[in-house]
1. Shape of the range 276-372 from its Cα gyration tensor (a ≥ b ≥ c, root eigenvalues): rounded if a/c is under 1.5, otherwise prolate when a/b > b/c, or oblate?
2. I'd like the GluC sites (Glu not before Pro) in the range 22-53 restricted to DSSP loop residues with at most 14 other Cβ atoms within 10 Å, sorted by number.
3. FRET efficiency for ALA270 and GLU202, Cβ-Cβ distance as r, R0 = 35 Å, nearest 0.05?
4. Any chance you could list P(r) for the range 102-143, counting all Cα-Cα pairs in 5 angstrom bins from zero, rounded to whole %?
5. I'm a student and want to see the number: the projected area of the Cα convex hull of the range 53-102, averaged over all directions, in nm².
6. Binning every alpha carbon pair distance of the range 1-127 at 5 Å from zero, what are the percents per bin?
7. Please compute the modelled spin-label separation between HIS16 and ARG49, points set 7 Å along Cα→Cβ, answer in nm with one decimal.
8. Rank the residues SER151, SER325, SER335, SER294 as a footprinting-exposure proxy: fewest other Cβ atoms within 10 Å of their Cβ go first.
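FYI, it's all coordinate maths here, none of it is from the lab. Bear in mind that the values here come from a model prediction, so they are computed numbers and not experimental data. Ideal geometry is used to build each Cβ from the backbone, glycine not excepted, and the neighbour counts take in all protein chains shown.
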Amino acid sequence: MDPNTALPKETRTEIHKAARILREGGLVVFPTETVYGLGADARNGAACRRIYEAKGRPADNPLIVHIASRSQLATLTDDDPPEAALRALELFAPGPITVVVRHNGSISEVATTGLSTVALRIPAHPVALALLREAAIPVAAPSANRSGRPSPTTYPMALGAMEGRVEAILDGGDCDVGLESTILDCTDTPQRILRPGRITREMLQEAGFAVIGPEDSGAGDANREPRRGQAFGAPPEGAGLDESRRDENRHEEVYHAPGSRYRHYEPEAAVHLLEEGDPEGRGNAFLQGADSRSVALIGSAEGIDSLRITPSAREALMETVRFESLDSFARGIFSSFHSFDENGCRAILAVLPPARGLGVAIRDRLSRAGTLL
Ligand code: TXA
Ligand code: MG
């Protein structure tokens, strides 16, 4: 949706009420162009604490703070914000980019988890922007899913996750991007991508950023590349604290968004990943051994065709979701996971796109949801 779209009167009334709820310390679920967010006043510790409760989120995983405009940045940072952060926002915001900068202490420690930095973003969805403008406060908002589950990218998904836990849920239709924002750490040079998203490394490089991508060595866990089997590397949600993270110099030591340590995005069904081409025929072998109509298959049209699924293996398929572009793949991942669960599928086969451009972010999310066959 165009950020400048004029909103209908009923929507403006809802936004007006929601802005008041936020200012009074309540929780509001609102649409953004990436995923639905679960918002609270970022300066209000008690309100932010309720976000963690509603999500079942580990208390050591900091929240992204949403603002309405670049001019608000200066009110949250102690000295001049880094040039790179201003430039990234100038080029890509409102839009799916989040910048990490040092803060001036005005954000609650509950939202920053005591870090000296804060992750800031200006969302592009017209409902989000109108809400932020009207509330006129910084709004802490993680994705509006229960912790560890796929992020909500449609209004029904947001309702399903948060109804009864929050004071208001705003309907903004389906999210355009479908994957959470790119997180760019601007506290150091070169800037570092802590979480890949719709604003790709290539786009940042073209804009002149000497950015270090998740795929570089030393980027730690930022880029989750697919793993095989059950031995998933990340600890379960709520596992022990990484104390080194609290170090002021943590950027020299830990190169990832704190949340990247947790397992994420898991639907109920087991997710099995395949590389495009599948030279060893693992996809066909898996389907041969599966019950009739029990497996969902998801991937780009090219990726799915590259598997060369045999007619007998096809018997095991309950549903196939083919995306004609990487943008539609990104947009549809989480809502497809949701509908596979609703339809009672027992396993999901997902074909990974090549690791370039938006493919990097899609691989990252799929790799957090499952393991290679
Ligand atoms: O697109 C998005 O970014 C969505 C929408 C709602 O805006 N929000 C979102 O929030 O994805 P959440 O909480 O699900 O993910 C926030 C990520 C976590 O991995 C967290 O660890 C990281 O941002 N983060 C927050 N503050 C940080 C900081 N100061 N330094 C590094 N990473 C940070
Ligand atoms: Mg999230």
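1. Working: a/c = 1.82, a/b = 1.30, b/c = 1.41.
Oblate is the answer for the range 276-372, as a/c is 1.5 or above yet b/c matches or exceeds a/b.
2. Details: sites: GLU24, GLU33, GLU53; in loops: GLU24, GLU33.
Filter output for the range 22-53: GLU24.
3. Values: r = 32 Å, r/R0 = 0.93.
Computed FRET efficiency for ALA270 and GLU202: 0.60.
4. 5, 21, 28, 22, 16, 8, 1
5. Details: hull surface 17.7 nm².
Averaged projected area of the range 53-102's Cα convex hull equals 4.4 nm².
6. Calculated P(r), rounded to whole percents: 2, 10, 19, 22, 22, 15, 8, 2, 0.
7. Going from the ARG49 label point to the HIS16 one covers 3.3 nm.
8. Working: SER151 27, SER325 11, SER335 20, SER294 16.
Sorted ascending by nearby Cβ count, the order is SER325, SER294, SER335, SER151.
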